[in-house]
Amino acid sequence: MAPTLVLVAHGTRNPRGVEMVAALADAVSRQIGTTRVAFVDVLGPSPAEVLRDTPESAVVVPAFLASGYHVHTDVPREIADSGHSSVVVTRALGPDPVLAEVMVDRLGDSGWQAGDSIVLAAAGSSDPRALEQHRRAAAMLADVARVPVRIGYVATATPTVSDAVAALRGEGHSRIFVASYLLARGLFHNRLADAGADGVGEPLGVHPAIVDLVVARYREGVRSLGGSIDAEAEELSPARRR
């Protein structure tokens, strides 16, 4: 039996955010089979609860855009609490060049045009490793958009998104757009509407490239478990389709 993919997200009280994570899991399951969802905060089920109910091997994919406290502390603790004996944890979803490409798509839908200034809006973290990964994500976005990218934070770190937008205004930038470096709608994304930008890109969401990225992480995990991927699935892998 193929390992079960356990997609671990943060959790939100916003129903649209919960629905988005469920839709992402459904889209992934159509490619690789059983995909279950767990949350580390706000709501359940927790990763430990899902793993206790998973008799076969499991590949845990952290649906986070940087590896901070939740990835380094919460996920390993939940796995240990589950008592499951055959689990592998993959890299988080971000940073990754795929996410930069999706952000440019979302920005284009919001009215951004080549040359317009960009602020990457991240959730923020007290973990310096996560902040460094946000800087890498901004550099990847700058490479794809071909403009310098500032970072603004919704919470925890500075500068805020509003401050980053204001700084660009003060430097004479006339058109400024916010790239939402968030996976789903929720309180953090809703705050971006008040940042003073000319437009805000939608969250990364259930973009086909995000689905492919989750599938690619899962297949990395299967290989780490010593499993194999059948020829048909390998032929359909994201690396081969791009």
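The values are calculated or read from the model by the stated rules, or taken from the named source; none is laboratory data. On a predicted model such as this, the values are computed, not experimentally measured, just so you know. So basically every Cβ, Gly included, is an ideal-geometry build from the backbone, and we count neighbours across all protein chains shown. Quick note on the areas: whole protein, heavy atoms, side chains included, nothing else; ligands and nucleic acids left out. Shrake-Rupley method; radii C 1.70, N 1.55, O 1.52, S 1.80 Å.
Summary of values
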| quantity | calculated |
| --- | --- |
| Expected 222 nm ellipticity per residue - DSSP helices of 4 or more, -39500 (n - 2.57), all of the chain, to 500 | -13000 deg cm²/dmol |
| Counting all C-alpha pairs of the chain, share separated by more than 30 Å (%) | 26 |
| Accessible surface, 1.4 Å probe, highest first, among residues THR156, THR4, THR35 | THR156, THR35, THR4 |
| Table column - 3J(HN,Hα) (Hz), the stretch 23-40, Karplus curve with 6.51, -1.76, 1.60, x for Gly and Pro | 5, 5, 4, 4, 5, 5, 4, 5, 9, 10, x, 3, 10, 10, 10, 9, 10, 8 |
| Binned Cα-Cα distance frequencies in the stretch 115-191 - 10 Å width, integer % | 20, 53, 26, 1 |
| For ILE118, distant residues with modelled amide H under 5 Å away | ARG150, PHE177 |
| Within-13-Å neighbourhood charge of ASN190 [Cβ basis; K, R +1; D, E -1] | +2 |
| Burial order of peptide ranges 159-168, 40-49 (average beta-carbon count within 10 Å, highest first) | 159-168, 40-49 |
| Using θ = phi - 60° and Karplus 6.51 cos²θ - 1.76 cosθ + 1.60, couplings along the stretch 61-73 (whole Hz; Gly, Pro as x) | 10, x, 7, 10, 9, 7, 9, x, 4, 4, 6, 7, 10 |
| Base-10 log of normalised Debye intensity for the stretch 1-65 (one unit scatterer per alpha-carbon) at q = 0.13, 0.27 Å⁻¹ | -0.32, -1.25 |
